[in-house]
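The values are calculated or read from the model by the stated rules, or taken from the named source; none is laboratory data. It should be emphasised that the depicted structure is a prediction, and the values quoted were computed from it without experimental measurement. Cβ sites come from the backbone with ideal geometry, for glycine too, and all protein chains shown count toward neighbours.
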Ligand code: TSB
Ligand code: ZN
């Protein structure tokens with residue numbers, strides 16, 4: 001998806017289109033007052049006060065018509081420079097513009113752009129005439145608080161986008177439509193993968209049987225893979241005492257992201273936002289020698305974070321999540337090799353899921369932010385330069401981002417773009433010199449001395465929640481056979497004649513661990529086949545007289561029109577190969 005802000009010419013065009021929008025709104029709603037109309041990644045918007053009037057998507061058509069009229073009449077767009085007095089006089093009826101003028105730095109030249117009977121404050125630049133704004137589209141309308149403050153009035157925000165030619169606009173609208181159809185929240189509902197309810201609360205998703213089946217496969221997949229890589233898995237409680245989080249430092253640096261304390265008699269408990277403190281104590285449960293390291297403690301662990309209700313988004317950002325977590329306890333001389341192993345594990349998993357569109361981000365602290373980050377410059381400098389060096393040595397292509405580190409250390413994050421354009425972290429690998437200190441972790445070195453291990457925090461799938469959101473959007477809900485909630489849908493051509501045989505095949509596949517459904521409803525064959533496709537079931541079996549007579553099965557693979565006939569044993573072989581290859 002195009003990022004308008006990254007293209008200078010497109011930015012100018014969209015800025016001018018925002019003025020065009022305001023111009024048309026002024027014609028249609030003479031009492032409208034205008035706040036700001038900036039260019040954003042997705043195009044432009046304008047925040048407008050329409051008094052008591054509320055507009056909706058239907059009104060956009062009329063506004064569009066008026067905008068087209070102004071485009072057609074080819075008005076020149078002229079820049080004028082004003083003194084503060086002149087500006088205040090021109091905009092005397094618009095309190096929002098007066099606010100802007102009053103708050104401008106004294107030395108700044110006030111400029112405005114005029115097109116016919118409409119004038120608006122603006123730094124510019126703009127296109128020279130309204131004729132150049134032909135290829136635009138108004139996209140949506142929503143409410144937005146004046147200055148983003150919920151104590152203020154709600155203004156109407158109209159969004160749009162403008163291109164240089166119709167072809168680019170059409171292409172963009174198609175991409176938007178595609179993104180809408182990929183949105184995991186929409187597909188999650190249609191394919192009955194997960195749901196939420198206001199009685200449960202925002203950011204708290206319930207996984208339906210279909211979604212739960214996919215998740216179980218993901219859990220088994222990653223647990224098996226980690227076991228092969230030398231991980232040990234544990235179970236630890238979702239609750240911990242406040243003291244546990246005071247010890248770890250979460251209390252000082254992460255409290256705002258946690259649910260409040262539960263007080264009972266003499267106890268103070270919290271729902272954990274992370275699993276590290278529990279895993280530190282698991283390490284501490286026994287004595288370790290340098291020969292035992294690395295020790296890799298993994299857990300598929302529920303965590304709770306008090307995400308803002310406005311920020312939660314389907315399964316992508318939730319308040320209860322399940323991490324594919326592990327903490328690796330390593331000697332300083334093992335950091336490089338162990339980070340490399342984590343990176344390779346990430347890459348191997350991405351290959352299995354065909355994940356290709358991602359970037360590596362080295363997430364660093366913001367030195368100024370003493371609240372968010374543990375205050376020890378020496379420790380930070382060491383951790384950051386060490387992680388940067390490892391990544392450089394590994395020849396990874398990464399970019400750096402200030403202020404994105406965890407409170408305890410720098411991270412290597414894998415960033416992806418969701419269908420609706422959110423930039424989110426999927427996998428993460430983090431270097432930590434702090435928690436070993438806070439929990440007084442040790443191992444015995446070759447000389448018999450007690451020394452500190454280093455901790456690597458890592459999550460390969462991130463959380464099952466976010467990973468599922470990603471998978472749904474990438475596959476458009478058409479999961480590969482090994483993950484699909486239903487792998488094969490068996491449909492008899494005629495219930496009267498072919499149901500017995502269909503049942504036999506259904507039992508055969510189930511016996512062989514294929515997730516199979518039998519559609520024995522009294523519906524038309526065409527209807528049942530269409531529904532099988534709508535549900536994105538990888539294989540649909542259509543069994544009629546031919547199949548009964550020859551003891552064969554005829555299957556249609558999702559996404560193809562062709563029907564293939566084979567023996568049931570060969571079909572099973574095809575399925576097993578498909579599952580094994582994960583494709
Ligand atoms: C990796 N202590 C580490 C852990 O050992 C940790 O908690 N890291 S984290 O804060 O970055 O979270 C791990 C992963 O959880 C992130 O990479 C991201 O993929 C996922 N995640 C974070 N917040 C949410 C959320 N609100 N909803 C869904 N997934 C989330
Ligand atoms: Zn951790």
Only residues that are assigned to a loop (DSSP other than H, G, I, E, B), touching a helix residue (DSSP H, G or I) at 6+ places or on another chain (Cβ under 7 Å) and within 16 Å of ligand 2 (Cβ to nearest atom): list them for region 390-411, please. 407, 408, 410
Tell me yes or no: at least one residue of region 368-381 is within 16 Å of ligand 2 (Cβ to nearest atom) and within 25 Å of residue 290 (Cα to Cα). no
Could you tell me whether residue 231 is within 16 Å of ligand 1 (Cβ to nearest atom), in contact (Cβ under 8 Å) with a residue 12 or more places away in the chain, surrounded by 15 or more Cβ atoms within 10 Å (Cβ to Cβ) and more than 19 Å from residue 434 (Cα to Cα)? yes
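So, in region 225-280, how many residues would count as being part of a loop (DSSP other than H, G, I, E, B) and touching a strand residue (DSSP E or B) at 6+ places or on another chain (Cβ under 7 Å)?
Total meeting the criteria: 13.
So that you can scan it fast, the table gives a plain yes or no per residue for (1) part of a strand (DSSP E or B); (2) at pLDDT 95 or above; (3) more than 9 Å from ligand 1 (Cβ to nearest atom); (4) buried (at least 22 other Cβ atoms within 10 Å of the Cβ):
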| site | (1), (2), (3), (4) |
| --- | --- |
| 430 | yes, yes, no, yes |
| 437 | no, yes, yes, no |
| 441 | no, yes, yes, no |
| 457 | yes, yes, no, yes |
| 461 | yes, yes, no, yes |
| 465 | no, yes, no, yes |
| 469 | no, yes, no, yes |
| 473 | no, yes, yes, yes |
Could you list, in sequence order, all residues of region 196-211 that are surrounded by 14 or more Cβ atoms within 10 Å (Cβ to Cβ) and more than 23 Å from residue 309 (Cβ to Cβ)? 210
Does residue 43 count as at positive phi and crowded, with 20+ Cβ neighbours inside 10 Å? yes
Output for region 335-389, where each listed residue is out of contact with any helix residue (DSSP H, G or I) (no Cβ under 8 Å at 6 or more places or on another chain), buried (at least 16 other Cβ atoms within 10 Å of the Cβ) and outside any helix (DSSP H, G or I): 361, 363
Among what's in region 275-312 and is closer than 30 Å to residue 150 by Cβ and touching a residue at least 60 places away in the same chain (Cβ under 8 Å), pick the residue that is farthest from ligand 2 (Cβ to nearest atom). 309
Out of (1) in contact (Cβ under 8 Å) with a residue 12 or more places away in the chain; (2) in a helix (DSSP H, G or I); (3) more than 17 Å from residue 36 (Cβ to Cβ), what's the single condition that is false for residue 170? (1)
Evaluate region 284-292: report whether one residue or more is touching a strand residue (DSSP E or B) at 6+ places or on another chain (Cβ under 9 Å), within 16 Å of ligand 1 (Cβ to nearest atom) and at pLDDT 95 or above. no
